[in-house]
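Inspection log for the structure reproduced underneath, given as structure tokens.
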Amino acid sequence: MSERTLPRELPNPGWGPLSALPGNPLMWVLILSEMLVFSAFFALYAAQRVGATALFDASQRQLDPLVGGLNTLVLLTSGLCVALAVEAVSADRIRRARQWLGVSMALGVLFGVIKGIEYAGKFAAGITPETNAFFGFYYGLTAFHFAHVLFGLALLALVTWRTSTENVETAAAFWHMVDLIWILLYPLLYLLR
């Protein structure tokens, strides 16, 4: 039997549908649960928006879509760097993988700095989570997302220190979830009217 006809061994045998996913299956359980939590928040946001469309539209105009777009670009570029780190570690290029992880972390920090500047500007203008329902959602959703960015940065730092294919794939899976959530948050909060 040639090597091409041998069945590929699953990365995580014994985990059912999670068996074929890269990284640690427990991370995928966390990712799925976090996606459910964010989905519930998105549904609640949509329901509130329907009940107060004019308020949400007027409040949304006070956000700068270019700043949100810049943060989207920064975070997606960071996700690309994580993907390149996975590729490098899979090719046994540990030093290169660590370099990509470092760039990714720097971009994650830049995302936080931009978000902090945006928050500071809103607070300076007197716009707080108590301003209205829209800004309650804006601050709540973006702060919850930012907590995930911080956790993701800690994971990336950890796998930069303890670099292995499984570790990098596990952290990358979480970081890509952070990207995905922002890709949904950005249009929801900044663009859709």
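The values are calculated or read from the model by the stated rules, or taken from the named source; none is laboratory data. Computed from a prediction, not measured in an experiment: that's the story for all the values here. Neighbour counts run over all protein chains shown; Cβ positions are idealised from the backbone, glycine included. Each accessible area value is taken on the protein alone, full model and side chains, heavy atoms only, with ligands, DNA and RNA left out. Shrake-Rupley method; radii C 1.70, N 1.55, O 1.52, S 1.80 Å.
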Could you please find all residues in region 150-179 being closer than 24 Å to residue 41 by Cα and free of Cβ contacts under 8 Å to residues at least 60 places away in the same chain? 150, 151, 152, 153
What number of residues within region 180-193 satisfy the criterion of being assigned to a helix (DSSP H, G or I) and open to solvent by 10 Å² or more (accessible area, probe 1.4 Å)? 7
Since residue 92 meets every condition but one in (1) under 27 Å from residue 163 (Cβ atoms); (2) in a helix (DSSP H, G or I); (3) open to solvent by 20 Å² or more (accessible area, probe 1.4 Å), which condition does it not meet? (2)
Out of (1) at pLDDT below 95; (2) out of contact with any Phe, Trp or Tyr (no Cβ under 8 Å at 6 or more places or on another chain); (3) assigned to a helix (DSSP H, G or I), what's the single condition that is false for residue 30? (2)
How many residues, within region 51-94, are of a type outside the set (Asp, Glu), without any contact (Cβ under 8 Å) to a residue 40 or more places away in the chain and farther than 18 Å from residue 134 by Cα? 9
Search result, residues across region 52-76 that are surrounded by fewer than 15 Cβ atoms within 10 Å (Cβ to Cβ) and of a type in the set (Val, Ile, Thr): 53
